[in-house]
Each structure stands twice: as structure tokens, then as C-alpha cells.
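J.: Provided herewith is a single structure, encoded as C-alpha cells, for subsequent inquiry.
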Amino acid sequence: MYCLKVKEVRVFEKAKVVSLRFDRELRGYPGQFVMLNVFGFEEIPVSLSSPDSLTIKAVGETTKALLRTEKGKIFGIRGPFGRPFSLPSKDEKPYLVAGGIGIAPLNYLYQYLKDLKWREVTVIHGIRTADELIFDYPEIATDDGSCGFKGNSVQLLMKIIDTTEPFRIYACGPKPMLLSLYKEMKKIGKLKSVEFSLENYMRCGIGICGSCVTNKGLRVCADGPVFNGNEIDERDLKIEF
């Protein structure tokens, strides 16, 4: 474990999201995650949203505490861990498809591709309402129609994508969204052209405890969290109760 100091805090109150920028880079690639030790609470996995930042939605006690983070706070970090997104081939058009806070790792991927001078990268962000916007991308889908396309990110993707041309889809978001995308790509035989970033429950982050194993026996923390569509099945994308 090593420690990093927060040099900038940005809170999106309506979206209940906080973005923490640190005093140095996390030395990871798009799609990888770190184990963030929130002193006094617990250690949680968080995907990188840029080379030096983490963007987190408040959903539980630990993540809600992060909304109160102040500049100068010290956090313990393990990682980065996991398999990152791969690069598209030169003839593939990249589509980055996010639902909710799933935009965080895809924001880093977008920056990474633009730094590599990728000419055309399409980012699609699906949210419930305009109040949940945290990054400024042109292709927005909202459930209530308050901003951009009325519908979800998968519906917007299927409206604008040309599936007759080579493409690569990078997806991160809630499981119902990922399942919908999985089914659409399976119907047209294009699962191998999709990379899914999964967010299964995990404890160790390094492939030892087995708490995040998929239905095909792969460990989300070590073999993923990014998986090609052919490496997972629909059971991995269904919500378990």
C-alpha cells in the first residue's frame, strides 16, 4: 500500500458523485482499478477516471463519506490492478458506451485514445436525468428526455452505429444496461467486438479470495475487470438477490 494526497475535490451534489484528483499519477491504464482505503470505513475497488483521479458515486456508507472529502486528505491505495481495455485496431471505430457512473473508466479511455491521436471516438452516456451529468460529451441519453436522446445508452448506440463497418465497443455501467448490450450484439454475432467492464463484489483485488468469480470461472479482479464478450455469458450480467 502507498499513500496519496488529494489536491482537488469536485462534488456533483445532484448526481451524488465525487471526483478526487491526487498529487501524483496512479500509474494505471484505462479499465484498471485501485483498492481505495477509506480510513475509518473500508477498502473499496474504484476504477481510474484519469491518470490521477478517481470518480465515485455515493451508494453506501463508505462512498457517502467520500462526499465529505477535503483537499489535503490522505488515502491509502493498493494497485492499480486488473486487465485494462485493449486498443481498437486501426480499421475499427471505437464506441464508448456508459451507463451512470460507468462513464468514469470510459472517460479515461477517451482521454487515452485522444492522446494517441485517434481520429474519431464516440462516447455515449446514459443517465436517468440531466441532473446526473458529470462529464461533457455530446451523445447523451436520458430516461426522462431532459437532455439529448430520450432512452438509454444502448438504444442510442443502436440508432447511430453502423454494424456493417468494423467497430469496437467498450461498455461500463449497471448490469441491466450491459445485459441489453450483450443481447443486441449476440443477435448480430458481434460479441467479440465488445469489451465489458464488470463491477462484481470483490474483497482482495488480487485474485486470491474468489469472491468475484464469473460463471465461467474467471476472476473479475485478476482476469478482468475488462472481458471480451465471448468470455462471459448472460448469467454474469444478471442482478443477483
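The values are calculated or read from the model by the stated rules, or taken from the named source; none is laboratory data. Since this is a predicted model, take the numbers as computed values, not measurements. All Cβ positions, glycine included, derive from the backbone under ideal geometry; neighbour counts span all protein chains shown.
J.: Give me a count of the residues in the stretch 57-88 that are more than 22 Å from residue 134 (Cβ to Cβ) and part of a loop (DSSP other than H, G, I, E, B).
T.: Qualifying residue count for the region: 5.
J.: Continuing with this model, one more query. Looking at 136, 91 in this structure, which one is over 25 Å from residue 227 (Cα atoms) and either assigned by TED's automatic domain parsing to the domain that holds residue 25 or not in a strand (DSSP E or B) (or both)?
T.: Values: 91 fails: over 25 Å from residue 227 (Cα atoms).
Every option except 136 fails the conditions.
Residue-by-condition table, conditions (1) in a loop (DSSP other than H, G, I, E, B); (2) modelled with pLDDT of 95 or more:
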{"residue": "19", "(1), (2)": "no, yes"}
{"residue": "25", "(1), (2)": "yes, yes"}
{"residue": "28", "(1), (2)": "yes, yes"}
{"residue": "31", "(1), (2)": "yes, yes"}
{"residue": "40", "(1), (2)": "yes, no"}
{"residue": "47", "(1), (2)": "no, yes"}
{"residue": "55", "(1), (2)": "no, yes"}
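J.: Could you look through the stretch 35-58, keep only residues that are over 18 Å from residue 100 (Cβ atoms) and in contact with a Ser or Thr (Cβ under 8 Å, 6 or more places away or on another chain), and pick out the one that is surrounded by the most Cβ atoms within 10 Å (Cβ to Cβ)?
T.: 38
J.: So which residues in the stretch 91-134 are within 17 Å of the chain's Cα centre (by Cα), over 11 Å from residue 30 (Cβ atoms) and not β-branched (Val, Ile, Thr)?
T.: Here is the first cut: in the stretch 91-134, the residues within 17 Å of the chain's Cα centre (by Cα) are 94-113, 121-128, 132-134.
From what's left, over 11 Å from residue 30 (Cβ atoms): 94-95, 97-103, 121-128, 132-134.
Once the filter is applied, which keeps residues that are within 17 Å of the chain's Cα centre (by Cα), over 11 Å from residue 30 (Cβ atoms) and not β-branched (Val, Ile, Thr), the stretch 91-134 yields 94, 95, 98, 99, 100, 102, 125, 126, 128, 132, 133.
J.: So is residue 131 in contact with a Lys or Arg (Cβ under 8 Å, 6 or more places away or on another chain), in the same structural domain as residue 220 (by TED's automatic domain parsing) and in a loop (DSSP other than H, G, I, E, B) or not?
T.: Values: in contact with a Lys or Arg (Cβ under 8 Å, 6 or more places away or on another chain): yes; in the same structural domain as residue 220 (by TED's automatic domain parsing): yes; in a loop (DSSP other than H, G, I, E, B): no.
No.
J.: Further question: Any idea which of (1) hydrophobic (A, V, I, L, M, F, W, C); (2) in contact (Cβ under 8 Å) with a residue 60 or more places away in the chain; (3) crowded, with 21+ Cβ neighbours inside 10 Å is the one residue 161 doesn't satisfy?
T.: So residue 161 meets the others, but not (3).
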